[in-house]
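Working notes for the structure below.
Only the coordinates and a few stated rules stand behind these numbers; no lab work does. What you see is a predicted model; the values in this text were computed from it and never measured. Cβ atoms come from the backbone with ideal geometry, glycine included; neighbour counts cover every protein chain shown.
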Amino acid sequence: MTVREVYPEEKISSSSLLHRSLNDSPHLVEKAIGSYLYLQNGTKILDSCGGAAVISVGHLNQTVIDRMADQLRCLTYVHTLEYTSSPSEILAEKLLENYHDQIGKVFFATSGSEASEGAYKLAIQYFFERGLTTKTKFISRNQSYHGNCLAGLSLSGHKGRRAPYEHILNSDFHKISDTNEYRGKLKHESTDDYVKRLVDELESKILEIGPENVAGFFAETIVGATAGCVLPPKNYFKGIRQICDKYDVLLILDEVMCGSGRTGTFFAWEQEDIVPDITCSGKALSSGYAPLSAIFIGHKIIKTLSNGSSAFNNGHTYQSFPLSCAAANVVQDIISENNLLQNVKNQGNYLGECLSRKLQNLKSVGNIRGRGLFWAIEFVKDKLSKEPFDPSVKYGYRVQKTAWSNGLAVYPGSGTIDGHYGDHILIAPSFDVSEDLIETITNIIAQSIQDCENKYL
Ligand code: PLP
């Protein structure tokens, strides 16, 4: 079916809808199938990022659409105060099937921001029900993004998005260093010493605020949009887990972008050999077919709530939305029936290899990093000194725009975010990506960076 058939009489004008930018008109996508976007003007674009790392089973997967249509034919909505629905119950069972030892229950919302907000409230409620009512403060990291609502933004180190609201953002949120071996590790420092320094910093911050006041430490397991796929140094989260346990502080991991299989395991934390108390997920969970996010909650929190008020003090009209849960159910079935997590691992390794081979000699490529199908390229003005581009150059955006003209969608990240580093592009293809597509993606990226170097260096 074509868009023309769905909207035969409608004239598309871009004047009433408030887009992300008031100045630029976004591209009108008429159709997206598999790994390709088809624009109104006839252009075909290879999608290597699924928007912001959302797509996990390709665009317009017929099996997903059929099951969603079946769901719409039997139940569109129930309010969760008194009712529940089969797709939400089945999805919860399915997601926890292999994690019953680590996770007690899961809560479904619609956006990643709602998941962060809910996790923050849950942590406070947990201590409240234990009578520890002063434990309300949080610690998070400088380069981080945890959502657009006020708690998520207070937790975030995303200076650009915070700027107009600094005065109302909660001062009970404290920041410590982000982890970035490329930028933060000192010249002669070993990774072990770097990790120790970072973990000590968390401990010092808890002691400065007072352990009796700290509810949680919030972090992205792998940092997504603000800095571009920054991996935690080896044993970092093990050290963080120990400090959180020592001071009765909850460890809350935000995997909205890096989780739901994107790095080859359902939770990215599985590869860090720790279990957090709360995990936030979203994006790839329902592969963009319908909005869905999740809060995975550890046993000790569920037990405390069960013995206390017996309810999570947080509800949304559209929580556990049947259509979203139906979509995620079939997305998860497709992932397991086709062994796509293994494909994420295999093709992820291949993607890393191709990026290193094809980009390492380019002058503006400072760092290539990632895991699974979650990779970023950080750009620098000077490779040796790692001097970043002036934010006004918007080099990351220029590479993104050039890649687009060359037929490829990548996700941009600009140094303007924090004014000092992070100028990058992000690649996060669908979990079913093939070796051939990875060849094409990385060839276009190499060509686009070369085009930008010719123009701007
Ligand atoms: N947390 C992280 C790590 C994210 O990357 C995002 C979105 O990019 C969010 C939270 C917020 O999710 P949403 O945009 O769905 O509200």
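Only residues that are in contact with a Ser or Thr (Cβ under 6 Å, 6 or more places away or on another chain) and hydrophobic (A, V, I, L, M, F, W, C): list them for segment 199-218, please. Those that are in contact with a Ser or Thr (Cβ under 6 Å, 6 or more places away or on another chain) and hydrophobic (A, V, I, L, M, F, W, C): 215, 218.
Identify the residue in segment 50-106 that is within 16 Å of the ligand (Cβ to nearest atom) and among the small types (Gly, Ala, Ser) and, among all such residues, is surrounded by the fewest Cβ atoms within 10 Å (Cβ to Cβ). If we take residues in segment 50-106 being within 16 Å of the ligand (Cβ to nearest atom) and among the small types (Gly, Ala, Ser), then 51 is surrounded by the fewest Cβ atoms within 10 Å (Cβ to Cβ).
A residue that is over 22 Å from residue 310 (Cβ atoms) and touching a Leu at 6+ places or on another chain (Cβ under 7 Å) occurs somewhere in segment 115-133. The residues of segment 263-294 that are in contact with a helix residue (DSSP H, G or I) (Cβ under 9 Å, 6 or more places away or on another chain), among the charged types (D, E, K, R), under 25 Å from residue 352 (Cα atoms) and away from the ligand (no atom under 11 Å from the Cβ), listed by number, are 272, 273. Against the condition crowded, with 24+ Cβ neighbours inside 10 Å, touching a residue at least 60 places away in the same chain (Cβ under 8 Å), away from the ligand (no atom under 12 Å from the Cβ) and under 28 Å from residue 66 (Cα atoms), how does residue 256 come out, does it pass? It is false that residue 256 is crowded, with 24+ Cβ neighbours inside 10 Å, touching a residue at least 60 places away in the same chain (Cβ under 8 Å), away from the ligand (no atom under 12 Å from the Cβ) and under 28 Å from residue 66 (Cα atoms).
When you scan segment 75-191 for strands (runs of 3 or more DSSP E) that lie fully inside it, which ones turn up with 3 or more residues that are free of Cβ contacts under 8 Å to residues at least 60 places away in the same chain? First the steps, then the outcome.
Values: elements: 105-109, 137-141, 173-176.
Qualifying strands (runs of 3 or more DSSP E): 173-176.
For segment 117-163, the candidate set comprises residues that are more than 16 Å from the ligand (Cβ to nearest atom) and of a type in the set (A, V, I, L, M); within that set, the residue that is farthest from the chain's Cα centre (by Cα) is 132.
In segment 315-328, the residues that are more than 13 Å from residue 289 (Cβ to Cβ) form Cβ pairs under 8 Å with partners that are aliphatic (A, V, I, L, M) and not in a loop (DSSP other than H, G, I, E, B), at six or more places apart or across chains, as follows: 316/109; 318/109; 319/109. Restricting attention to segment 164-173, the residues being hydroxyl-bearing (Ser, Thr, Tyr) and either surrounded by 18 or more Cβ atoms within 10 Å (Cβ to Cβ) or within 16 Å of the ligand (Cβ to nearest atom) (or both) number 1.
Can you spot a residue in segment 193-203 that is within 16 Å of the ligand (Cβ to nearest atom), in a helix (DSSP H, G or I) and out of contact with any helix residue (DSSP H, G or I) (no Cβ under 7 Å at 6 or more places or on another chain)? Give the steps one after another, and end with the answer.
Just the residues of segment 193-203 that are within 16 Å of the ligand (Cβ to nearest atom), to begin with: none.
No, every residue in segment 193-203 fails to be within 16 Å of the ligand (Cβ to nearest atom), in a helix (DSSP H, G or I) and out of contact with any helix residue (DSSP H, G or I) (no Cβ under 7 Å at 6 or more places or on another chain).
If you go through segment 174-192 and pick out every residue that is within 16 Å of the ligand (Cβ to nearest atom) and polar (S, T, N, Q), you end up with 2. Would segment 207-229 turn up any residue that is farther than 27 Å from residue 304 by Cα, within 15 Å of the ligand (Cβ to nearest atom) and either of a type in the set (S, T, N, Q) or without any contact (Cβ under 8 Å) to a residue 12 or more places away in the chain (or both)? For segment 207-229, residues farther than 27 Å from residue 304 by Cα, within 15 Å of the ligand (Cβ to nearest atom) and either of a type in the set (S, T, N, Q) or without any contact (Cβ under 8 Å) to a residue 12 or more places away in the chain (or both): present. For segment 259-311, a residue qualifies if it is within 19 Å of residue 244 (Cβ to Cβ), surrounded by fewer than 19 Cβ atoms within 10 Å (Cβ to Cβ) and in contact with an Asp or Glu (Cβ under 6 Å, 6 or more places away or on another chain), and exactly one does: 304.
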